1. For the stretch A:6-21, which residues satisfy the criterion of being among the aliphatic types (A, V, I, L, M) and within 10 Å of chain B (Cβ to nearest Cβ)?
2. For the stretch A:583-612, which residues satisfy the criterion of being more than 30 Å from the chain's Cα centre (by Cα) and closer than 24 Å to A:Gly421 by Cα?
3. Which of the residues spanning the stretch A:81-98 are surrounded by fewer than 23 Cβ atoms within 10 Å (Cβ to Cβ) and not in a loop (DSSP other than H, G, I, E, B)?
4. Within the stretch B:126-136, is even one residue assigned to a helix (DSSP H, G or I), farther than 30 Å from A:Ile680 by Cα and either among the small types (Gly, Ala, Ser) or without any contact (Cβ under 8 Å) to a residue 40 or more places away in the chain (or both)?
5. Please work out which residue is farthest from the other protein chains (Cβ to nearest Cβ), limiting yourself to the stretch B:188-216 and to residues that are out of contact with any helix residue (DSSP H, G or I) (no Cβ under 6 Å at 6 or more places or on another chain) and surrounded by fewer than 23 Cβ atoms within 10 Å (Cβ to Cβ).
6. Look at A:Glu108 and say whether it is of a type in the set (Asp, Glu) and more than 24 Å from A:Gln280 (Cα to Cα).
7. Return the residues of the stretch A:102-130 that are buried (at least 20 other Cβ atoms within 10 Å of the Cβ) and closer than 22 Å to A:Asn247 by Cα; say none if nothing qualifies.
Amino acid sequence: MSAPFTIVGTSPSRVESMTKLSGAAKFAADNQLPGMLYAKFLHSPYAHATITSIDTSAALALSGVKAVLTFKDVSKYGLYGASSDLYLLTDKARYVGDEVAVVAATSENIAEDALDLIKVQYQQLPFYLDPASAMASGAVPIHPEIASTATQNIMTGAPLSYTSGNITTGFSQASKTYEIDNFVMNPVHHSPLETHAAVASWTRDGLTLYLTTVDPFRRRRFLSSLLGVPISNIRVIAPYCGSSFGNKGSAIGRHDPVAALLSKATGLPVKLQYTRAEEQISAPGREKATSTSMKVGFASDGTITACEYHVLGDAGAYCMGGSGIFLNTNFMLPYKNRNVLFTSTVVYTNTPPECMFRGSGKEVGNFPFQIIMDMAAEDLGMDVLDLNTKNYYSVGDKFGTNVFNTCAVPDCVSQGAAKIGWKSKRVPPSQKTGAIRTGIGMSVGVRNGSQSYSDAVVKVECDGSIGVINGKGEEGQGIYTAVAMVAAEALNANFSDVTVSPTDTASQPYAVRSGGSMGFMSNGKAVLLACQDAKAKILAKAAPMLSTSTNTVTAAQLSMGPRLVYVTASPTNSIALGTVVGADQDIIGVGTVPTGGFLIATLVNFVEVQVDTGTGKVTVTNFVGANDMGTPINPSILQGNADGGNIQGIGTTLTEGRIIDPTTGAQLNGDFLNYKIPTIVDFGTMDNTTWTSSNDPNGPYGAVGGMESSLMSPTPAILNAIYNAIGKRITEVPVKPSVILKALGGS
Amino acid sequence: MKAGKISRRKFVIGVGAGVVVGAAAVAGAESYVLIKPSTSTNTSTVTSTVTGPTTTVTGPTTTKTSTATVTGPGSTSTVTSTVTGPTTTVTTTAAPPAPQPVSGSDVTMTVNGQSQTLYVESRDTLLDTLRDKLGLTGAKKACDRGECGACTVSIDGKPYLSCTTLAIDCDGRDVETIESFANNPNTVNILNAFVKNDAFQCGFCTAGMVVATKLLLDANPHPTTSQTKQWLSGNLCRCGTYNNTVKTALALGGGS
């Protein structure tokens, strides 16, 4: 970090603070339009069934009901979604909760009443709740309309594989090989507090959607092809999203196109908001339903020589994250060893739909891998810190033409270890006694990714204030604040002089979604480029204004200050920024970031646990993160985001997990009482204040995105800490008390 | 999903009784029975018994200790498929009798200092009434069954989950929502402390957190870390902003 920064690296309050704190921020479902109707879905009670008849006449006759849609009404709308496996409504239910009809009525109560009046006749089919049974010979195709899946229900028709180097050679160089036969990740859910919601208004002016999404721009493309209207005729307004973590970020969901069709059918605005049960079950969310076998070879000095692993994944009834999610298990890139073979077999089942959750699948590989690192370190007599440090690329290393700019694993490992007191606390499990045992563990999580196409416009007004026009919505990640800080830094402006326009596709250029840790890396950079463009225009226009007949100054000799342009060598020779812009004019700058680049985010977690060997309960008592995401733009927001991902990691490791009734396929815990996300009392102390200051020149002021990494490490760190406490390797998450008790069974 | 969803109509006729019991426990401030479970399908039969406030305020207790029954989707399904071969079972989900008319009544309550008289159906929750009839959308509908705290409002100075409080039970009562906080010198400092400590991310749980924190400080002006956590344990935040929320409450209480 060479350049001295004025704003970057400080922690001003979020720009939307008071809007949110005062209750004024409008989330999708907060919008009330005149004459608005309320819509409700009817869900299938069967896991796999064909609808043989559906009678909506009684529902339509109920006073207040304005429209009922079934597959018959939308049959002309084809398959969509990231995997093209979803119809708007369906004549074939593929999981308990599949959406088979939708009602619009003058009140939510009446819409619910009308659902009971729809008569549906189902012909049940055999159903499959796990990949093994769905792949079995003679299994009925879940998606017969997708020919490639017709045998064995494998999503891509056949397993996918990835190879690098030569694993045969690699394993021949190994002196020791460690493996995990079957690492099981039971499905968890993003569980954002805001459920999916859409308010649709389809008028002669086009389709307007108030939508909870972190992908408003790309979403229009899917809606356009579904609904047969030009993209430019679809306006998505999505300033605030009540968090997503992936489940509102892709080509997913039926709520918005269906709300749009209901609005078209009735000529009135329509609101469709998922209930909590619908969010937990029907909103895409299932992820990490996988079983993985992994084998890693090590030379006697701890150098990794080869890695082979095979993933069997459950796509659910619809795989809305796309098949790429399991390919993303190629998490091995940051490791120096390049002898890798992995395969992924992703299978449709009659369980709730799947989509990516904060990590895009890379954790599927990282979880067992980081446990194997812990196993190897113990057996080889090494400290696992050294084993990790030894095997990672680090800052300055090259991968092809790409450079690892932000992979400060050694720094993160040593700083985190010092903070938690690793050396003194890392006592081997053989020395632990008593009913309550403590343990300490760690894990590295490195995410590789890229930037993705994004535009931004910066508008300098005639009073010197600055507007940032960038379509990246605010979902809690702090993007409005971060891009405002970038603009203030780039234009040497007061932070308070910058205003960020709320997300609205009608007035903003394309911005990439939140996902793949691309958001700030792409949008922040686009804003920086737009500011540089504006600044060049401002200085060029100011130069003649600051020149005299005897002293000509050029743009290169000028600088900007708060609402000011001045001669760098003679700061008193200045002119008001507003004067340069000119009354009732503005100066705009445009920035575009192309797709590409090489993004590395590194988060290293250290965890202390307490295991009650009598009850099997595991408590995380202390958590330390040491992280490298390049230049920390706003350390306070980064700390909050890392805390949040780590707390989700504690929940998804210990208390969460879907419960599916094996006799019906119904999910039993579509609620917060029984799907237990962490409360404020469910963990101990936490420290995410350690940030290295690597610098990625591709990112805005050297920063990279990467908060997905905050969910890559907590799980293996906790599992390694549990091993350190009780001497048992746990290879299944979530780790319910019964798993601990079973592991302790023999001892 | 049908069986998993507690519709307002079923909620009122007693199917949701388990949830209501849980909610009463969560609200904590009063011992009362909102709904008397009834075997009647006549939705106009609503029995609300409010036994009055107790003197002990324990704050919003964690929902994790409640014992509501699991009501998963399809749990009423009576036909089990088999994976061993094709079935030819044809099942009809029969439509129940048509919904009956729903009763309602005028209620008068004070909302953010202003008296409001409005007609509510007996099945309308306070949350829906605030949001849909009064345009006060600060309180959020995140679970709609008393499990998350995002809809927390103050009623007569005590924390209530407005999603499991019927509007018809609020006649004569004093309701305060987040919308009153910004313009009130007694509460704006709470908002400022949340801002200063970055104690929110997406903002969806925030109204509930702020209202609950305000009522914590009313009941206990100098809370400890553990008292703060206990009080806020019924307010879920999926963004995981908990550490900064505790910092905020401690700062407001003069602690560190």
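The values are calculated or read from the model by the stated rules, or taken from the named source; none is laboratory data. Everything quoted here is computed from the prediction, not taken from an experiment. Reconstructed Cβ throughout: ideal geometry from the backbone, glycine too, with neighbour counts over all protein chains shown.
1. So in the stretch A:6-21, the residues among the aliphatic types (A, V, I, L, M) come out as A:7-8, A:15, A:18, A:21.
Passing the criteria: A:Met18, A:Leu21.
2. Result: A:Val611, A:Asp612.
3. A:Lys92
4. Of all residues in the stretch B:126-136, those assigned to a helix (DSSP H, G or I) come to B:126-133.
Cutting the leftovers down to farther than 30 Å from A:Ile680 by Cα gives us B:132-133.
Okay, now just the ones that are also either among the small types (Gly, Ala, Ser) or without any contact (Cβ under 8 Å) to a residue 40 or more places away in the chain (or both), so B:132-133.
Within the stretch B:126-136 (the criterion being assigned to a helix (DSSP H, G or I), farther than 30 Å from A:Ile680 by Cα and either among the small types (Gly, Ala, Ser) or without any contact (Cβ under 8 Å) to a residue 40 or more places away in the chain (or both)), the answer is yes, since at least one residue qualifies.
5. B:Asn189
6. Details: of a type in the set (Asp, Glu): yes; more than 24 Å from A:Gln280 (Cα to Cα): no.
For A:Glu108, the condition - of a type in the set (Asp, Glu) and more than 24 Å from A:Gln280 (Cα to Cα) - is not met.
7. Across the stretch A:102-130, the qualifying residues are A:Val102, A:Leu129.
Yes/no matrix, rows are residues, columns are (1) of a type outside the set (Val, Ile, Thr); (2) in contact with a Gly (Cβ under 9 Å, 6 or more places away or on another chain):
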site: A:Gly515; (1), (2): yes, yes
site: A:Gly519; (1), (2): yes, yes
site: A:Ala536; (1), (2): yes, yes
site: A:Pro544; (1), (2): yes, no
site: A:Thr548; (1), (2): no, no
site: A:Leu558; (1), (2): yes, no
site: A:Arg563; (1), (2): yes, yes
site: A:Asp586; (1), (2): yes, yes
site: A:Val604; (1), (2): no, yes
